[in-house]
Amino acid sequence: MDMQSDFDRLIFFEQARKTSELAYAMNPLDAENLTRWGGALLELSQFQNVTDAIKIIEEAVSKLEEALVVDPTKHDALWCLGNAHTSNAFLTPDQDKAKEHFDKAAICFQQAVDLEPGNELYRKSFEVSAKAPELHKELHKHGLNQQAAPTGPSTSSTTKTTTTSKKNNDLKYDIFGWIILAVGIVAWVGFAKSNVPPQPR
């Protein structure tokens, strides 16, 4: 993606976040608005460093959980919440803490599938969630190898480790990209629905 489209996405989701925040002040029990807000925050998290991204993801989780308190059958909020837990898990190096997030994500995806069994995206998310802990383990194992690589003159093993780590990092960002894109589409559709002009009489 080029820098202009990244900037446009950042502006779009920041505007969606602000709009949701204002709508929340007027009606804190609007589950659709809370879901949009959580989705926008999840999108915005990808533009941050790891520490800030985790904070924003946790805020997204809070908004999505709030939406589910208002409407426990809101399948798109469950699906977004599953993506938030998945994103949080991939950013967490500790295997046990990551597994907790992956388990929560799997539960959310399963509930979304139960509520909307015909939704292919929900089913695919649930299927992929089973493979996520192993992928996390591989990514962080290779990330640690890269940090432990000698810093002296280049050797073939260092180059090989760096190349492998780069490929794994690329894969990690590809996965994040797809997750974020899917959440973005849901947030955008919800945002577009909420801003439809009234029908003329």
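The values are calculated or read from the model by the stated rules, or taken from the named source; none is laboratory data. Source: prediction; values computed, not measured. All Cβ positions, glycine included, derive from the backbone under ideal geometry; neighbour counts span all protein chains shown.
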**Fill in**
Only unsatisfied item for Ala23, checking (1) under 23 Å from Arg123 (Cα atoms); (2) part of a helix (DSSP H, G or I), is (1)
**Asked** Does Pro117 qualify as being assigned to a loop (DSSP other than H, G, I, E, B), modelled with pLDDT under 95 and over 15 Å from Asn33 (Cα atoms)?
**Response** no
**Prompt:** Here are Lys97, Lys63: which of them is basic (Lys, Arg) and under 24 Å from Pro133 (Cα atoms)?
**Reply:** Lys97
**Asked** What is the residue count in region 49-67 for residues that are closer than 11 Å to Leu81 by Cα and basic (Lys, Arg)?
**Response** 1
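Could you pull out the residue among Glu134, Glu100 that is surrounded by fewer than 20 Cβ atoms within 10 Å (Cβ to Cβ) and modelled with pLDDT under 95?
It is Glu134.
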**Message:** Quick check on region 25-42: of everything there that is over 20 Å from Thr73 (Cα atoms) and surrounded by fewer than 24 Cβ atoms within 10 Å (Cβ to Cβ), which residue is farthest from the chain's Cα centre (by Cα)?
**Reply:** Met26
**Asked** Within the set of pairs 6+ apart or on separate chains, which have a first residue in region 118-141 that is of a type in the set (Val, Ile, Thr), a second that is modelled with pLDDT of 90 or more and not in a loop (DSSP other than H, G, I, E, B), and C-beta atoms under 9 Å apart?
**Response** Val128/Thr86; Val128/Phe109
**Residue in region 85-114 that is nearest to the chain's Cα centre (by Cα), counting only those that are assigned to a helix (DSSP H, G or I) and hydroxyl-bearing (Ser, Thr, Tyr)** = Ser87
**Asked** When you scan region 60-84, how many residues do you find that are surrounded by fewer than 24 Cβ atoms within 10 Å (Cβ to Cβ) and part of a helix (DSSP H, G or I)?
**Response** 8
**Complete:** Within region 40-55, residues being closer than 24 Å to Ala67 by Cα and part of a helix (DSSP H, G or I) number 10
